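Heads up: the structure comes next, in structure tokens.
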Amino acid sequence: MRLLRKPVTGFAIGAVLLFGVAPLALGDFRLDLLAKYLCFAIVAVGIGLAWGRGGMLTLGQGFFFGLGGYAMAMHLKLADAGPGQMPDFMLLYGQLDELPWWWRPFANPLFALSATVLLPMFTALLLGLLIFRRKVRGAYFAILSQALCAAFAILLIGQQGTTGGTNGLTNIQGFFGYDLNDPVNRRTVYFIVAAALLAVLALTWQLMRSRYGELLVAVRDGEERVRFLGYDPANVKLVAYVAAAGMAGLAGALFVPAVGIVSPAMIGVVPSIEFVIGVAVGGRASLLGPALGAIAVAWAKTALSERVPSAWTYFEGLLFILPIVFLPGGLASLAGTIRRRSRPSAVVETPAPAKVEVTT
């Protein structure tokens, strides 16, 4: 029971902060920004599971984030256009006479909602089977995942008539019948994002404390030993990789109504690296560290860009370097580090040399 008290208390505090304090303390604009940051936190939780627990440095989560985001945006654009109509950007560019066949299933809300999570997970399953079966790991795995993200962004940019090109899918007005220009509805979107983050944290906590979580850590620390014990490390890593992809897809889907836009610039190489930076700053081996780190880095990026627009990227790099150098475990290890340093060091008393009496 004692092991359950801390997580339950932490979830309760998080719920109070997200559902009680934040809506009362923040205005509509800042609350919208917080919803955006929480989407990044959902991605970071998945990276923490795959990288912190599984040792897989996933530098391409923007790919799965983009799959979920575009799946949601396609449905919302079709809903804004109306039954049988083409989205506004297709009419503007004038390259198509009718809606492409692969757009049509996204008019169904159930299909679109399922695709936001299942499409990234299915893609990760196929990629994982190819990568992990061939024992690709370490830097090679990181480079492959990043190359996949870059290729996806280039593909989206090249298909201007069907994906919006560089601009992406913009000017999204509604969210399943609700007007996103209404502040009340935007607050509802924030609450949905906050609830999704807590649900993802609860799921990840359950995975970490389960037998599978212990096996995942064992694969990270000694893959050959796990194989010797009769387990297939490829399958163990595959589960974490697919779960992280599903979380990124969910975050991308929620990002669209929270921000009202999705574009290749938001899912390319740079955003994927920023996801990893947030996880590293927060502490990749913990549960809350990745989420808090992602929120902190996103908030710092916004604050610095407002105050020092010409040099905020340098401060962002410094924000990443300092914790890695002075706090390798991330912000999550700060409390433990302070406790260790505040303990009085044990003083070892050296016994005085014994007196030797010489008698004559």
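Results for (1) in contact with a helix residue (DSSP H, G or I) (Cβ under 9 Å, 6 or more places away or on another chain); (2) farther than 27 Å from Asp32 by Cα, shown as yes or no for each residue.
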residue	(1), (2)
Gly158	no, yes
Gly161	yes, yes
Gly165	yes, no
Gly174	yes, no
Asn181	no, no
Thr188	no, no
Val193	yes, no
Leu197	yes, no
Ser210	no, yes
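Might you check whether a residue that is touching a Lys or Arg at 6+ places or on another chain (Cβ under 7 Å), in a helix (DSSP H, G or I) and closer than 23 Å to Leu118 by Cβ occurs anywhere in the stretch 54-62?
Within the stretch 54-62 (the criterion being touching a Lys or Arg at 6+ places or on another chain (Cβ under 7 Å), in a helix (DSSP H, G or I) and closer than 23 Å to Leu118 by Cβ), the answer is no, since none of the residues qualifies.
Condition first: touching a strand residue (DSSP E or B) at 6+ places or on another chain (Cβ under 8 Å), modelled with pLDDT under 95 and of a type in the set (A, V, I, L, M). Can you find one or more residues in the stretch 128-141 that meet it?
No, the stretch 128-141 contains no residue that is touching a strand residue (DSSP E or B) at 6+ places or on another chain (Cβ under 8 Å), modelled with pLDDT under 95 and of a type in the set (A, V, I, L, M).
Could you check the stretch 221-241 and list, in sequence order, the residues that are within 10 Å of Ala50 (Cα to Cα) and either acidic (Asp, Glu) or surrounded by fewer than 20 Cβ atoms within 10 Å (Cβ to Cβ) (or both)?
Restricting attention to the stretch 221-241, the residues satisfying the condition of being within 10 Å of Ala50 (Cα to Cα) are 237-241.
Correct list: Val239 only.
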Legend entry - Pick from the stretch 1-22, criterion more than 21 Å from Leu254 (Cβ to Cβ) and surrounded by 14 or more Cβ atoms within 10 Å (Cβ to Cβ), ranking: modelled with the highest pLDDT: Gly10
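Out of Leu119, Leu129, I need the residue that is in contact (Cβ under 8 Å) with a residue 60 or more places away in the chain and either of a type in the set (S, T, N, Q) or touching a Gly at 6+ places or on another chain (Cβ under 8 Å) (or both). Which one? Write out each step before concluding.
On the way: Leu129 fails: either of a type in the set (S, T, N, Q) or touching a Gly at 6+ places or on another chain (Cβ under 8 Å) (or both).
Of the residues listed, the single one that is in contact (Cβ under 8 Å) with a residue 60 or more places away in the chain and either of a type in the set (S, T, N, Q) or touching a Gly at 6+ places or on another chain (Cβ under 8 Å) (or both) is Leu119.
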Inset, instruction - Please determine, by comparing only the residues of the stretch 259-279 that are surrounded by fewer than 24 Cβ atoms within 10 Å (Cβ to Cβ) and of a type in the set (Gly, Ala, Ser), which one is farthest from Gly329 (Cα to Cα). - result: Gly260
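Suppose we keep only residues that are under 20 Å from Ala142 (Cα atoms) and not aliphatic (A, V, I, L, M) within the stretch 246-258. Which one would you say is surrounded by the most Cβ atoms within 10 Å (Cβ to Cβ)?
Per the criteria, the residue is Gly249.
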Inset, instruction - Spot the failing condition for Leu67; the list is (1) touching a Leu at 6+ places or on another chain (Cβ under 7 Å); (2) closer than 27 Å to Ala300 by Cβ; (3) surrounded by 24 or more Cβ atoms within 10 Å (Cβ to Cβ), and only one is missed. - result: (2)
Inset, instruction - Could you please tell me which pairs satisfy a Cβ distance under 8 Å, a separation of 6+ or placement on different chains, a first residue in the stretch 56-82 that is without any contact (Cβ under 8 Å) to a residue 12 or more places away in the chain, and a second residue that is not in a helix (DSSP H, G or I)? - result: Ala81/Pro87
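Report whether or not Ala25 is of a type outside the set (S, T, N, Q), at pLDDT below 90 and exposed (fewer than 13 other Cβ atoms within 10 Å of the Cβ).
Numbers: of a type outside the set (S, T, N, Q): yes; at pLDDT below 90: no; exposed (fewer than 13 other Cβ atoms within 10 Å of the Cβ): yes.
When the stated conditions are applied, Ala25 does not pass them.
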Inset, instruction - Please verify whether the stretch 178-200 includes one or more residues that are at negative phi, part of a loop (DSSP other than H, G, I, E, B) and surrounded by 15 or more Cβ atoms within 10 Å (Cβ to Cβ). - result: yes
Inset, instruction - Only one of these is touching a Pro at 6+ places or on another chain (Cβ under 6 Å) and under 29 Å from Pro183 (Cα atoms): Ala15, Ala44. Name it. - result: Ala44
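May I ask you to verify whether Gly94 is surrounded by fewer than 20 Cβ atoms within 10 Å (Cβ to Cβ), out of contact with any Phe, Trp or Tyr (no Cβ under 9 Å at 6 or more places or on another chain), at pLDDT below 95 and closer than 26 Å to Lys237 by Cα?
Criteria not met by Gly94.
Against the definition (free of Cβ contacts under 8 Å to residues at least 60 places away in the same chain and farther than 27 Å from Lys135 by Cα), how does Val189 come out, yes or no?
On the way: free of Cβ contacts under 8 Å to residues at least 60 places away in the same chain: no; farther than 27 Å from Lys135 by Cα: yes.
For Val189, the condition - free of Cβ contacts under 8 Å to residues at least 60 places away in the same chain and farther than 27 Å from Lys135 by Cα - is not met.
Conditions tested, residue by residue: (1) at pLDDT below 90; (2) small (Gly, Ala, Ser).
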{"residue": "Val200", "(1), (2)": "no, no"}
{"residue": "Gln206", "(1), (2)": "no, no"}
{"residue": "Gly213", "(1), (2)": "no, yes"}
{"residue": "Leu216", "(1), (2)": "no, no"}
{"residue": "Leu229", "(1), (2)": "yes, no"}
{"residue": "Pro233", "(1), (2)": "no, no"}
{"residue": "Met247", "(1), (2)": "no, no"}
{"residue": "Pro257", "(1), (2)": "no, no"}
{"residue": "Val270", "(1), (2)": "yes, no"}
Inset, instruction - Give me the pairs, please: first residue somewhere in the stretch 157-179 and over 15 Å from Val256 (Cα atoms), second residue anywhere and of a type in the set (Ser, Thr, Tyr) and assigned to a loop (DSSP other than H, G, I, E, B), beta-carbon distance under 6 Å, and either six or more positions apart or on two chains. - result: Ile157/Thr166
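Taking the conditions exactly as written (at pLDDT below 95, within 19 Å of Ser263 (Cβ to Cβ) and in contact with a strand residue (DSSP E or B) (Cβ under 7 Å, 6 or more places away or on another chain)), does Asp88 satisfy them or not?
Values: at pLDDT below 95: yes; within 19 Å of Ser263 (Cβ to Cβ): yes; in contact with a strand residue (DSSP E or B) (Cβ under 7 Å, 6 or more places away or on another chain): no.
Criteria not met by Asp88.
The values are calculated or read from the model by the stated rules, or taken from the named source; none is laboratory data. Note that the structure is a prediction, hence the values are computed from the model and not measured. Ideal geometry is used to build each Cβ from the backbone, glycine not excepted, and the neighbour counts take in all protein chains shown.
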